[in-house]
Structures are given as structure tokens and as C-alpha cells.
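What follows is a set of notes on a single structure, which appears directly below.
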Amino acid sequence: MEEAMKHILACETCGLVQRIEELPPGAAAECCRCGWLITKRTVNSLSRTAAFSLAALIFYVPANIYPILRMEYYGAYSENTVWDGCVRLFQDGQWPVAVIVFLASILIPVVKLLSLFLLVVTTKLKSTRLRRERTWIYKVIDVIGPWAMLDVFVLAVLVSLVKLQRIATVLPGPGLLAFTAVVVLTLLASASFDPRLIWEEPRGKS
């Protein structure tokens, strides 16, 4: 009965409860009533997650070192990194916006990457410790994923306002390309990880 319960799933579209056999990597299961995708197994989940996370971590360095914004204002030329933007917002009294940009641009990305590395390593080692906590970590990563684009939205609004006022010329810096790569690679890493591997029993155990 316990083994059977592990494979009983409900379709999110039509609500039909049905038993799904254990799927090999790369396979997917559809609802027998509405045809909606119920579950799927990612091919080389751990390897892909580690590769995307490592690539994102590499791009994370230039994303925070190189200027993300170049502005020419009445002949004056300035370059600003993400950290410079946070400091300037704080100095101008916009500390709520500064905190949001700092969390979304600097802190959350590196925490997500380190958490993904933790999940990959512990899952690869077939660790059975703190499974519930590790599952909770993955859920948090999945929930905060869309917030990674928050600072890009703020930057887009800033550029639009400047362009509309025709006061200054704003150009993207090399840091923006690196930061965009960090966002995309982090999302791919999160989507590549299969949380069911956390609960997969090591061979030889029941």
C-alpha cells in the first residue's frame, strides 16, 4: 500500500486521481482523461543543474563588477554598477527601493545558486538527512524565481522615464549582459532540478 501511494497523482486540470508507474529519466506521463501533463522526469537532472548553476556563478562576478548602466547627462558621463545604484538610491532616501534592488540583484541570486549546489551535492551523495528541509529549500527557490527579474523591471522603468524626458542618454553596460545571463541560467538551473530525487531511496534499501 505504501509503495502504491507513492505513484498516485491527481491531474491539476481535470482532477482525475490515477496511478502512475515509476518513470525513467526523460519520460512523461499524461492524464488518461484530458491529456494534460501530470508529471515528467528530467534527463541528467543533477548534471544539468550543476552546469547551469556553475555558469551562472561565473557570470555573477562580471555582473556585479562591470557597469550595468552608462549615462550621459548634459555632457557629463557616468557609469554605475548594481552596487552603485543601491548606494545612490540609499543616499537619495529611497532606501525601500535600494533594499529591494539589493535583495533581487545581489543577495537572492547568490543564495539561490549556493542552495542549488547544496541540493545537487546532497542528492548526488544519496543523503537521507534533512529531506524535508531540502525539499522546502527547493520550494523557496521555485517561488522566488520570478522575483529575479524585478531589478530588470526597475531598470527598464528608469530608462523609459529618462528617454521620455529627453534629458539624458542611457546605454546598457557590459554588466547588464552578464546579469541577464545570470538570471536566465539560474532559472534554467532551477527548472532542471528534479526534487523527487531528494526522496529517491539508495539502491539496496526499501
> For C86, which of the numbered conditions (1) open to solvent by 80 Å² or more (accessible area, probe 1.4 Å); (2) not in a strand (DSSP E or B); (3) not β-branched (V, I, T) fails to hold?
Replying inline: (1)
>> Taking the criterion of being surrounded by 13 or more Cβ atoms within 10 Å (Cβ to Cβ), assigned to a strand (DSSP E or B), of a type outside the set (V, I, T) and modelled with pLDDT of 75 or more, would at least one residue in segment 43-60 satisfy it?
In response: no
>> Which pairs turn up if I take residues in segment 105-128 that are on the phi > 0 side of the Ramachandran plot and look for partners that are open to solvent by 30 Å² or more (accessible area, probe 1.4 Å) with beta carbon separation below 8 Å, at least 6 apart in sequence or on another chain?
In response: K126/E200
>> A156 - would you say it is modelled with pLDDT of 75 or more and either touching an Asp or Glu at 6+ places or on another chain (Cβ under 9 Å) or under 30 Å from Y77 (Cβ atoms) (or both)?
In response: no
> Can you name the residue in segment 15-24 that is open to solvent by less than 50 Å² (accessible area, probe 1.4 Å) and under 21 Å from A191 (Cβ atoms) and, of all such residues, is modelled with the lowest pLDDT?
Replying inline: L23
> Just a yes or no: is a residue in segment 96-116 aliphatic (A, V, I, L, M) and outside any helix (DSSP H, G or I)?
Replying inline: no
>> Take A27 and tell me if it is exposed (fewer than 11 other Cβ atoms within 10 Å of the Cβ), modelled with pLDDT under 75, out of contact with any helix residue (DSSP H, G or I) (no Cβ under 6 Å at 6 or more places or on another chain) and among the small types (G, A, S).
In response: no
> Only one of L16, L57 is of a type in the set (A, V, I, L, M) and farther than 23 Å from F179 by Cα; which?
Replying inline: L16
> Only one of E72, E12 is closer than 24 Å to I141 by Cα, at pLDDT below 75, open to solvent by 80 Å² or more (accessible area, probe 1.4 Å) and of a type outside the set (S, T, Y); which?
Replying inline: E12
>> R203 - would you say it is open to solvent by 70 Å² or more (accessible area, probe 1.4 Å), modelled with pLDDT under 75, charged (D, E, K, R) and within 30 Å of P96 (Cβ to Cβ)?
In response: no
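The values are calculated or read from the model by the stated rules, or taken from the named source; none is laboratory data. If you're wondering where the values come from, they're calculated on a predicted model, not measured in any experiment. For neighbour counting, all protein chains shown are included, and Cβ atoms are generated from backbone atoms with ideal geometry for every residue, glycine included. Please note that ligands, DNA and RNA were not included when accessible areas were found on the heavy atoms of the full protein model with its side chains. Shrake-Rupley method; radii C 1.70, N 1.55, O 1.52, S 1.80 Å.
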